1. Considering only residues that are under 24 Å from residue 217 (Cβ atoms) and not in a helix (DSSP H, G or I), which ones fall in the range 106-147?
2. Sort out which residues of the range 396-412 are buried (at least 17 other Cβ atoms within 10 Å of the Cβ), touching a residue at least 60 places away in the same chain (Cβ under 8 Å) and either farther than 25 Å from residue 459 by Cα or out of contact with any strand residue (DSSP E or B) (no Cβ under 6 Å at 6 or more places or on another chain) (or both), and write them in order of number.
3. Name the one entry in 33, 59 that is modelled with pLDDT of 85 or more, in a helix (DSSP H, G or I) and under 30 Å from residue 137 (Cβ atoms).
4. Does any residue of the range 416-429 turn out to be within 22 Å of residue 374 (Cβ to Cβ), surrounded by fewer than 17 Cβ atoms within 10 Å (Cβ to Cβ) and at pLDDT below 90?
5. Among (1) in a helix (DSSP H, G or I); (2) crowded, with 22+ Cβ neighbours inside 10 Å, which single condition is residue 391 missing?
6. Please state which one of 249, 232, 288, 239 is closer than 30 Å to residue 214 by Cβ and either in contact with a strand residue (DSSP E or B) (Cβ under 9 Å, 6 or more places away or on another chain) or surrounded by 13 or more Cβ atoms within 10 Å (Cβ to Cβ) (or both).
7. Yes or no: residue 298 over 23 Å from the mean Cα position of the chain (by Cα) and under 29 Å from residue 456 (Cα atoms)?
8. Any idea which of 426, 392, 433 is without any contact (Cβ under 8 Å) to a residue 60 or more places away in the chain and in contact with a strand residue (DSSP E or B) (Cβ under 8 Å, 6 or more places away or on another chain)?
């Protein structure tokens with residue numbers, strides 16, 4: 001057998017379509033044209049400051065639009081519009097922050113920047129909608145790519161659903177081919193076209209079925225332990241001149257911030273990783289530093305008043321410090337206002353606060369109900385041990401206890417712990433009486449890690465103001 005050397009070509013290639021490239025060009029040109037029109041209309045000339053502003057705006061669009069996958073997504077128009085809004089808004093937030101730090105914000109007209117923000121978004125949204133109409137018209141005239149999906153598991157039928165519900169792919173599933181020992185998944189989605197649910201035959205029938213149904217594309221949606229099937233069949237399909245795609249079934253695992261990348265041209269499938277790497281870590285650190293300094297300046301009088309109230313209410317220190325597991329399992333000591341009477345810990349056991357707990361002081365009850373006892377953790381954020389937003393750190397003893405009952409429990413340590421988090425704004429806070437309650441909290445923590453972005457952090461911070469009171473806080 002002659003094995004070709006593909007080392008000169010990376011195995012991971014981004015396939016940008018003509019429509020995506022055209023959309024990129026249209027968005028950039030539209031924003032550039034609108035910006036210079038507004039500047040010229042207001043000033044009568046293009047100053048150096050505004051030229052730099054526009055260049056930074058276009059550069060920010062290029063980076064953040066790529067980060068959000070705006071031009072690589074075939075999602076429905078509503079989802080794409082929301083993604084565009086997030087990316088566009090974040091570009092402006094970053095530019096406002098840069099202007100504030102460099103003390104150049106007063107140089108620019110607020111009216112002009114506001115018009116560019118609103119008008120630029122509306123203009124881009126209109127161009128995306130227009131291109132969609134053009135694509136629909138072209139797809140109606142183009143021939144449909146007929147597809148067979150190899151596999152009858154949950155992933156195979158999920159893939160069929162996505163293909164059937166995505167007209168932009170221009171593909172039609174004619175049916176499934178089962179692997180040896182496969183039995184059809186009873187959890188098929190009822191909205192699927194009956195044709196795409198049908199089993200056409202077995203794996204040995206695949207070459208014949210390709211000819212009968214005039215198939216141009218084959219998807220392998222098979223478990224990892226069945227991957228040896230792929231090699232022999234792949235070479236047999238070469239003479240059929242069909243496109244072959246492999247969708248490995250890894251989703252039975254609890255994936256944490258999964259991704260596909262390459263190392264020296266070799267494909268690497270990442271199953272679990274922190275989202276805080278490279279520039280993402282820098283962005284998160286800048287967010288924490290800037291916002292925590294501003295928050296500390298705003299709450300300093302409140303911190304002082306609470307400290308005095310604690311001292312007057314009961315004997316003991318103002319602050320309570322306790323070991324917690326942080327990012328990557330590193331232990332740190334968390335800062336909190338003391339909300340209980342000083343009492344000995346029995347046999348090293350940490351007992352969660354309960355309703356009407358006699359250990360809680362009068363001031364402490366108010367602090368817990370309003371979550372003001374958490375405010376000193378701003379010092380943990382400033383020291384880099386915590387973040388403003390992230391999974392809440394639990395007592396070390398509780399980590400040990402729940403990790404033995406919840407398989408993916410420690411996945412929540414793949415990011416910095418936070419003062420607030422997605423689980424907390426959803427109401428999963430306070431005492432956890434059952435494993436199911438903790439599992440819901442862990443589920444939200446992992447969802448946060450998988451979808452982390454500065455936009456998500458800002459959204460959670462805004463929701464926190466209305467969420468950090470309630471019946472679970474005591």
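1. Listed by number, the residues that qualify are 142, 143, 144, 145, 146, 147.
2. Answer for the range 396-412, where residues must be buried (at least 17 other Cβ atoms within 10 Å of the Cβ), touching a residue at least 60 places away in the same chain (Cβ under 8 Å) and either farther than 25 Å from residue 459 by Cα or out of contact with any strand residue (DSSP E or B) (no Cβ under 6 Å at 6 or more places or on another chain) (or both): 399, 408.
3. The conditions single out 33.
4. Yes.
5. (1) is the only condition that residue 391 fails.
6. 249
7. Values: over 23 Å from the mean Cα position of the chain (by Cα): yes; under 29 Å from residue 456 (Cα atoms): yes.
Yes; evaluated as a whole, the condition is true for this residue.
8. Criteria check complete, one pass: 392.
The values are calculated or read from the model by the stated rules, or taken from the named source; none is laboratory data. Since we're looking at a predicted model, the values are computed, not measured. Positions of Cβ are generated from backbone atoms using ideal geometry, with glycine treated the same way; all protein chains shown enter the neighbour counts.
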